[in-house]
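Worksheet for the structure shown next.
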Amino acid sequence: EFAKLDTKFKVVVYDYGVKKNILRMLVDRGCDLTVVNAQTPVADVLAMNPDGVFLSNGPGDPEPCDYAIDSIQTLLEKNMPIFGICLGHQLLALASGAKTEKMKFGHHGANHPVQDLETKQVMITSQNHGFAVAEDDMPSTLEVTHRSLFDNSIQGVKVLDKPAFSFQGHPEASPGPHDVSGLFDTFIQEMKK
């Protein structure tokens, strides 16, 4: 499946606190990465002419990150393939008109079961977040794709009619559950289109 490793997808990574193993999962799939800081103007990112944009993980409350939300809205308007993880997931949801909320009990730890609502497959994820995408006022442009089996909180969304999707959990560095790696393959497929 990865025979065409020489195919290089130019991916810009917005770094909100990215982990090395996440970058490695992109490189392993033939992505040529340019990591930019969180406040990099979207015009600079578009000038790099990327095939896709990755929104990384990072700490804290996503709502004050106006600069990031504005940039993501511009990328969505341009139909740029976008994949967000953890904080990047929450920012994509906010940019799409959803809200986030502080969780009563945050998710911290390695064995969080999350269900893919389409395939019904359960993946075991590592999580570290105190905020979640809120159920209320979910815009019609967003579809929930994954839910926590602990508390039914939203764990993944996709933007309808746009090549953009996101996931709350972290892919694990080896050894451990690699179930989340399929989402990276989905991102590659979106960039091939």
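The values are calculated or read from the model by the stated rules, or taken from the named source; none is laboratory data. Computed from a predicted model, the values in this text were never measured in an experiment. Cβ placement follows ideal geometry from the backbone for every residue including glycine, while neighbour counts extend to all protein chains displayed.
Among PHE150, PHE184, which is over 26 Å from PHE9 (Cα atoms), aromatic (Phe, Trp, Tyr) and not in a strand (DSSP E or B)?
On the way: PHE184 fails: over 26 Å from PHE9 (Cα atoms).
So the residue among PHE150, PHE184 that is over 26 Å from PHE9 (Cα atoms), aromatic (Phe, Trp, Tyr) and not in a strand (DSSP E or B) is PHE150.
Does ALA93 satisfy the condition of being within 14 Å of the chain's Cα centre (by Cα), buried (at least 22 other Cβ atoms within 10 Å of the Cβ) and over 20 Å from LEU23 (Cβ atoms)? Spell out the reasoning first.
Details: within 14 Å of the chain's Cα centre (by Cα): yes; buried (at least 22 other Cβ atoms within 10 Å of the Cβ): yes; over 20 Å from LEU23 (Cβ atoms): yes.
Yes.
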Exercise. Counting only residues that are modelled with pLDDT of 85 or more and among the aliphatic types (A, V, I, L, M), which one in segment 124-149 is surrounded by the fewest Cβ atoms within 10 Å (Cβ to Cβ)?
Worked result: LEU149
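Conditions tested, residue by residue: (1) part of a helix (DSSP H, G or I); (2) of a type in the set (A, V, I, L, M, F, W, C); (3) in contact (Cβ under 8 Å) with a residue 60 or more places away in the chain.
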position: PRO64; (1), (2), (3): no, no, no
position: GLN73; (1), (2), (3): yes, no, no
position: LEU76; (1), (2), (3): yes, yes, yes
position: GLY84; (1), (2), (3): no, no, yes
position: GLN90; (1), (2), (3): yes, no, yes
Exercise. So how many residues does segment 28-51 have that are assigned to a helix (DSSP H, G or I) and either of a type in the set (Gly, Ala, Ser) or out of contact with any helix residue (DSSP H, G or I) (no Cβ under 6 Å at 6 or more places or on another chain) (or both)?
Worked result: 5
For this session: Could you list all residues from segment 100-133 that are more than 13 Å from ASP151 (Cβ to Cβ) and either assigned to a loop (DSSP other than H, G, I, E, B) or aromatic (Phe, Trp, Tyr) (or both)?
Result: LEU117, GLU118, THR119, LYS120, GLN121, PHE131
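Filtering segment 10-27 down to residues that are more than 18 Å from GLY60 (Cα to Cα) and in contact with a Ser or Thr (Cβ under 9 Å, 6 or more places away or on another chain), which residue is modelled with the lowest pLDDT?
Step one: list which residues in segment 10-27 are more than 18 Å from GLY60 (Cα to Cα), which gives 10-13, 20-27.
Checking the rest, the ones that are also in contact with a Ser or Thr (Cβ under 9 Å, 6 or more places away or on another chain) come to 10-13, 21-23, 25.
Values: LYS10: 97, VAL11: 98, VAL12: 98, VAL13: 98, ASN21: 85, ILE22: 89, LEU23: 92, MET25: 91.
In this case the residue turns out to be ASN21.
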